[in-house]
Amino acid sequence: MASMRDIQRRKVSVQSTEQITKAMKLVATVKLQKARTRAEKAKPYFNNMYETVQEMLSRSGNIEHKFLKPGASDKKAVIVITGNRGLAGGYNNNVTKLLTKNPEFSKDKVVAYILGRKGRETLSRYGYEIKGDYSEVINEPMYRDAMEIGAKVLKDFENGEFGELYIAYTVFKNTVSHIPTMLKVLPVSKDEGTENMTKSDKLTLMNFEPGEEEALDLIIPKYVSSLIYGAIIEAVASENGARMAAMDSATSNADEMIAELSLMYNRARQSSITQELTEIIAGAEAIS
């Protein structure tokens, strides 16, 4: 059995760790509230943007446009959104597994645009090509950051550096539910939900002014930027939710360890007292 001093040192160490996890949980809770409010306010805009583009495509017949067909390259580009820090349970690993555990996204077929140092470290270790690193964006995401990333990936797509574009991120459902998701962005295609349109809706084709090519050149970059920004703010909310849950679990585990160590300490102390009493009685009997 460990000595009373060793048990006490271990207990003090666990208590110090518990104070840290409590503080981190509190910080994550405050950040989660802000991130969740931001995500909930922004979601209607991004949903409407997506629905608008889908309705345009469904009402436009067969349009030939550079963003509506795969690029010349057989490579796939993935914008990978993780965190800059750990201590968030499986949050970061769950996103990178969308690539590393999927044979369709093997390292020889993928170029990665990274948002988050943890994702960069993991994918670099697996040998993926890092095309761009925007990890600082995660600290305080702004829409103009998404516009810059969107402009970069669209330019690379036009230059034939990859044929398809995806976003790997975590969808925020609620405080305890976060879903790792691979979202296809380019080429832009009709959602299967548009098949449910009525016959009259399908027959009502959309007219473009000045022309469909120019209209899509304007709307698709905004569409791509909107998807990127929406994914970023949902990922930030998910990260803080995951970190809050992880720190809550760590605090509970620390409480259990402290209780167990207290019991061990009391048993060791009782054993020590019993031994001392036994020695005193034995000495008294020897004298008498």
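No lab work stands behind these numbers, since they all come straight from the coordinates. The shown structure was predicted, so the numbers you read here are calculated from the model rather than taken from an experiment. Using ideal geometry, Cβ is built from the backbone for each residue, glycine included, and neighbour counts are taken over all protein chains shown.
Descriptive notes on the structure:
- 5 angstrom amide H check on GLY83, placed H, neighbours 5+ away: LYS118, GLY119
- Alpha-carbon centroids, segment 215-229 and segment 1-69: separation in whole Å: 24
- Sequence-distant aspartates and glutamates (8 or more away, or on other chains) whose Cα lies within less than 13 Å of LYS109: ASP74, GLU129, GLU161, GLU164
- For segment 95-152, applying the loop criterion from DSSP together with a ceiling of 10 other beta carbons within 10 Å to the trypsin sites (Lys or Arg not before Pro) yields LYS101.
- Highest average first, the peptides 238-245, 260-267 ordered by how many other beta carbon atoms sit within 10 Å of their residues are 238-245, 260-267.
- Kirkwood hydrodynamic radius (C-alpha pairs) into Stokes-Einstein, segment 96-194, 25 °C and 0.890 mPa s, D in µm²/s: 165
- The loop-placed GluC sites (Glu not before Pro) in segment 43-102, going by DSSP, that have at most 13 neighbouring Cβ atoms within 10 Å of their Cβ come out as GLU64.
- Working note: Karplus 6.51/-1.76/1.60 with θ = phi - 60° gives segment 109-125 the couplings 10, 10, 10, 10, 10, 9, 10, x, 5, 5, x, 4, 4, 5, 5, 5, 5 Hz, where Gly and Pro are set to x.
- Rg(Cα)/(2.2 N^0.38 Å) for the chain, N = residue count: 1.50
- Distant-in-sequence amide H partners of LYS109 (H built 1.01 Å from N, under 5 Å): none
- Distance violations [Cα-Cα > 31 Å] among LYS31/LYS184; LYS43/LYS97; LYS34/LYS69; LYS69/LYS101; LYS34/LYS155; LYS76/LYS118: LYS34/LYS69; LYS34/LYS155
- Panel note: the C-alpha atoms of segment 129-169, placed on their principal axes, show extents of 31, 20, 15 Å (largest first).
- Vicinal HN-Hα couplings computed from phi for segment 226-234 (Karplus, 6.51 cos²θ - 1.76 cosθ + 1.60; Hz; Gly/Pro x): 5, 5, 5, 5, x, 5, 5, 6, 5
- Per-residue Cβ neighbour rank within 10 angstrom, fewest leading, ILE258, ILE287, ILE7: ILE287, ILE258, ILE7
- Three semi-axes of the equivalent ellipsoid, segment 233-288, Cα gyration tensor, whole Å, largest first: 54, 5, 4
- Annotation: the residues LYS41, LYS76, LYS31, sorted from fewest to most other C-beta atoms within 10 Å of their own C-beta, follow the order LYS41, LYS31, LYS76.
- Taking amide H positions as modeled 1.01 Å from N, with prolines and chain starts lacking one, no residue 5 or more places away or on another chain lies under 5 Å from PHE67.
- MRE, 222 nm, helices only [DSSP H, n ≥ 4, -39500 (n - 2.57), over the chain, to nearest 500]: -21500 deg cm²/dmol
- Each of ILE273, ILE149, MET24 was scored by the projection of its Cα onto the charge dipole of the chain, and the greatest displacement toward the positive side belongs to ILE273; charges sit on the C-beta of Lys, Arg, Asp and Glu.
- Put simply, when 178-186, 22-30, 224-232 are sorted by average Cβ atoms within 10 angstrom per residue, most first, you get 224-232, 178-186, 22-30.
- Taking only the C-alpha atoms of segment 1-151, the Rg (one decimal) and the largest Cα-Cα distance, Dmax (whole number), read 22.0, 80 Å.
- Listed residues GLN15, GLN33, GLN270, most fluctuating in the chain (Gaussian network, C-alpha, under 10 Å): GLN270
- In the elastic network of the chain, a GNM with C-alpha springs shorter than 10 Å, the most mobile of SER272, SER16, SER58 is SER272.
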